[in-house]
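Asks: The structure is given below, and queries will be raised subsequently.
A short reminder: the numbers here are calculations on the coordinates, not readings from a lab. What you see is a predicted model; the values in this text were computed from it and never measured.
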Amino acid sequence: MTEEARGEGPSGALPEADVPRLGIRHLMLWTACCGLFLGIERALFVGDDGSFSRFQSPVYVWHCVYNGAALTACLLWVPWKRAGIRFPSEPGEWLLILAAVFFVVSFGTRAILASPLQLYWPIGESVATCWLFLVPFCLARAPNRWETAFALFLARDILVVLAIIVFSWGIELDYGQIWFPICVLSLVVALDLKSRTRYRWTHWVGVSFYLLHLLVAAAQRAIH
């Protein structure tokens, strides 16, 4: 990866500021965002019987942790931008931002398309999110292998939407949707480690959390 691609600027230019080291303030903000996610979920999507039992499952706790990290990345975006830090720029950072965007879109579609229109929720959410990986494909500063990975994720999401439309949501796509990105992401990370490509800690947070998110989803499908 070139110096310019790493954000160190071309020769003669001032280098861009780097992200601050992971500190207690980041962990406190993350905890607050986890609480915000849980509060919104409980306010909008409590079961019909008024029970909160689903919020006690380990899988839901992980969703809270994952979405809390994504919201934290979005809240840090503005102050870091003002400090001259280019964020997001690396692939894992974009994965965190995309998770936050998906969080907002998912909440929006679930809140708006309630009861009578609930039948149309899968296609609405899929169409709204299938284009998301186009953003890091165009903007992320990364080796070509990450561009290839984002292109594959984008193609997968578009194919899923087409399958939902053509087959009237009657086709089971969970297996390919989950294990395909797990395999691609694992291969790209292995190549990064082999080539000793340097990234910021925020990149590795995004990559590890997204991979864990996929693995939890795969385990959940296997159990049920």
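Asks: So what are the ³J(HN,Hα) numbers for region 27-41, from phi and the Karplus equation (6.51, -1.76, 1.60; θ = phi - 60°), rounded to whole Hz, Gly and Pro as x?
Replies: Karplus values, whole Hz, x for Gly and Pro: 5, 5, 5, 4, 4, 5, 5, 4, x, 5, 4, 5, x, 5, 4.
Asks: Per-residue HN-Hα couplings for region 73-82, Karplus 6.51 cos²θ - 1.76 cosθ + 1.60 at θ = phi - 60°, whole Hz, x for Gly and Pro?
Replies: Residue by residue, region 73-82 yields 4, 5, 5, 7, 4, 5, x, 5, 4, 5 Hz.
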